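For reference, the structure is listed below as structure tokens.
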Amino acid sequence: MCGIVGMIGQVNTKEILLKGLEKLEYRGYDSAGLAFVNDGVQVHKEVGRIAALREVVPADADGTVGIGHTRWATHGVPSVPNAHPHQSASARFTLVHNGVIENDEQLKAELNVDLLSDTDTEVIVQMIEKNFNETGDVAEAFRQTLRVLHGSYALALIDAENPEVLYVAKNKSPLLVGLGDGTFNVVASDAMAMLQVTDQFIELHDGEMIILTRDSVMIQDLDGNVQEREAYTAEIDASDIEKGTYAHYMLKEMDEQPAVIRNIVQQYQNEAGDITLDQSVRDLVLGRDRVYIIGCGTSYHAGLIGKQLIEQIAGIPTEVHISSEFGYNMPLLTEKPLFLFLSQSGETADSRAVLVEAKKLGHPALTITNVPGSTLSREANATLLLHAGPEIAVASTKAYTAQIAVLAVLAFDLAQPKG
Ligand code: GLU
């Protein structure tokens, strides 16, 4: 995973974007870049850490609208030309992208323009310019381009001729809008990047775009129909995502494990010591003849322990599968399967692909995740939260132990109807 930030405001855009990118560093990346509109557009990019990007951004550079990106290369090596933002031929449009465009070769052949990078992203911004030259309408040019993209994207686009608007879109890659105080608005791949300026966020759904100004947020589907959506408060304490006196986030998170387990006990057990899962979870799992645990990496390994717990405590046959394998090669299922998704972030794309298939087949899904409101949480029938607080280190520690603890709670609850 990698990240996007964007801001349309009055001042200090550069520092807010750089700080936002630093908060996204935990997601992993190989290069980074920024662009601002200020009497034309300035683009700055560098390979390596955000600290290296800071070095190449001139001290007096700034703008009132800007976008930033951390890249995890999928098309083309990590290099300055391949780093985002990318620009259209006239440099009027500047774009950042997270995700993978699957039909980029076909689009490049149709467009027939010289590209400066090896990415699957640059063709998008060139198409926006071509569509703009034909329609004279930026929102329409953006919408027309989105309609022909296949694959995953979170996009943020700025127009050098109009610093009053930031254009945003999403399909299968995470992206949120953060609401400002009427003088600014922001976008980011996750709320942590923008907690520095707001705790009010609006989710975007797949296949939607947003036209963002300093004081308005207009969500549209790709036919231009306006969508209404309430904001929610991100319940993350900004201090939870600071390292404090620890040298590394991983050390801090290992130390937090006893507190996390105490928190889970408090959340799921009443004073009499009984497990109290929501009735919605109980209804979902009742009468299921097999549990299919789906996860990647560390979550898959927590799932292997979950299998032991569910089989030994609750006596329900359980299988554990790696999401990416399951997605392409679904085994024969029993009559009444329960799908159980394990994901710290709740955004694991391969797990989500399995969830979409399970839903198509009409099977119930339960997600165990650390992030309320995440995609896997929203799209499953019910969620059990890990209550572990943000996990920043890439190597999972407290989220792994929390997954096992919550799986134990679930196994115990599943066992109760059987006495
Ligand atoms: N596919 C794009 C690239 O390789 C974006 C990768 C990313 O999500 O950072 O540049």
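The values are calculated or read from the model by the stated rules, or taken from the named source; none is laboratory data. Model, not experiment: these values are computed from the prediction. Cβ: placed from backbone, ideal geometry, glycine included. Neighbour counts: every protein chain shown. Note: accessible area is taken over every heavy atom of the protein model, side chains too, but ligands, DNA and RNA are not part of it. Shrake-Rupley method; radii C 1.70, N 1.55, O 1.52, S 1.80 Å.
Condition check ((1) at pLDDT 95 or above; (2) touching a helix residue (DSSP H, G or I) at 6+ places or on another chain (Cβ under 9 Å); (3) within 16 Å of the ligand (Cβ to nearest atom)) across all residues:
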| position | (1), (2), (3) |
| --- | --- |
| Ala156 | yes, no, yes |
| Pro174 | no, yes, yes |
| Thr183 | yes, no, no |
| Ala193 | no, yes, yes |
| Gln196 | no, yes, no |
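For Thr13, state whether it is at pLDDT 95 or above, away from the ligand (no atom under 12 Å from the Cβ) and open to solvent by less than 10 Å² (accessible area, probe 1.4 Å). No: the conditions fail for Thr13.
Can you name the strands (runs of 3 or more DSSP E) wholly within segment 161-211 that have at least 1 residues being in contact (Cβ under 8 Å) with a residue 60 or more places away in the chain and not basic (Lys, Arg)?
Result: 166-171, 185-188, 200-203.
Counting residues in segment 287-305 that are surrounded by fewer than 20 Cβ atoms within 10 Å (Cβ to Cβ) and in contact with a His (Cβ under 6 Å, 6 or more places away or on another chain) gives zero.
Reported count of residues in segment 22-47, each being under 19 Å from Gln87 (Cβ atoms) and at pLDDT 90 or above, is 14. For segment 48-60, check the following and say yes or no: at least one residue is open to solvent by less than 10 Å² (accessible area, probe 1.4 Å), more than 9 Å from the ligand (Cβ to nearest atom), at pLDDT 95 or above and not aliphatic (A, V, I, L, M). Within segment 48-60, not a single residue is open to solvent by less than 10 Å² (accessible area, probe 1.4 Å), more than 9 Å from the ligand (Cβ to nearest atom), at pLDDT 95 or above and not aliphatic (A, V, I, L, M).
For segment 61-73, the candidate set comprises residues that are under 23 Å from the mean Cα position of the chain (by Cα) and crowded, with 16+ Cβ neighbours inside 10 Å; within that set, the residue that is farthest from the ligand (Cβ to nearest atom) is Val65. Residues of segment 354-377 being surrounded by fewer than 21 Cβ atoms within 10 Å (Cβ to Cβ) and without any contact (Cβ under 8 Å) to a residue 60 or more places away in the chain, which ones? Passing the criteria: Val356, Glu357, Lys359, Lys360, Leu361, Gly362, His363. Would you confirm whether or not segment 62-84 contains a residue that is among the small types (Gly, Ala, Ser), over 24 Å from Thr119 (Cα atoms) and modelled with pLDDT under 95? Within segment 62-84, one or more residues are among the small types (Gly, Ala, Ser), over 24 Å from Thr119 (Cα atoms) and modelled with pLDDT under 95. Taking the conditions (1) away from the ligand (no atom under 16 Å from the Cβ); (2) hydroxyl-bearing (Ser, Thr, Tyr); (3) buried (at least 17 other Cβ atoms within 10 Å of the Cβ) in turn, Tyr29 satisfies each one other than (1). State whether one or more residues within segment 144-153 are free of Cβ contacts under 8 Å to residues at least 60 places away in the same chain, within 16 Å of the ligand (Cβ to nearest atom), under 19 Å from Leu204 (Cβ atoms) and touching a Gly at 6+ places or on another chain (Cβ under 9 Å). Checked against the condition, which is being free of Cβ contacts under 8 Å to residues at least 60 places away in the same chain, within 16 Å of the ligand (Cβ to nearest atom), under 19 Å from Leu204 (Cβ atoms) and touching a Gly at 6+ places or on another chain (Cβ under 9 Å), segment 144-153 yields at least one hit. Counted as qualifying within segment 252-332 are the helices (runs of 4 or more DSSP H) with 2 or more residues that are charged (D, E, K, R), namely 279-285.
Has segment 380-399 got any residue that is acidic (Asp, Glu) and surrounded by fewer than 23 Cβ atoms within 10 Å (Cβ to Cβ)? No, there is no match, as no residue in segment 380-399 is acidic (Asp, Glu) and surrounded by fewer than 23 Cβ atoms within 10 Å (Cβ to Cβ). Within segment 77-95, the set of residues being more than 12 Å from Val123 (Cβ to Cβ), among the small types (Gly, Ala, Ser) and either more than 22 Å from the chain's Cα centre (by Cα) or surrounded by fewer than 16 Cβ atoms within 10 Å (Cβ to Cβ) (or both) comprises Ser79, Ser90, Ala91.
Does Lys45 meet the test of being away from the ligand (no atom under 13 Å from the Cβ) and open to solvent by 10 Å² or more (accessible area, probe 1.4 Å)? No, not satisfied. Restricting Ser351, Ser323 to those that are without any contact (Cβ under 8 Å) to a residue 40 or more places away in the chain, among the hydroxyl-bearing types (Ser, Thr, Tyr) and open to solvent by less than 40 Å² (accessible area, probe 1.4 Å) reduces the list to Ser323.
Checked against (1) away from the ligand (no atom under 13 Å from the Cβ); (2) closer than 30 Å to Arg352 by Cα, Pro163 passes all but condition (2).
Summed over segment 137-176, residues that are under 23 Å from the mean Cα position of the chain (by Cα) and either open to solvent by 30 Å² or more (accessible area, probe 1.4 Å) or over 19 Å from Phe36 (Cβ atoms) (or both) total 20. Checking each residue in segment 87-134 for being away from the ligand (no atom under 16 Å from the Cβ), without any contact (Cβ under 8 Å) to a residue 24 or more places away in the chain and within 25 Å of Asn38 (Cα to Cα) picks out Lys130, Asn131, Asn133.
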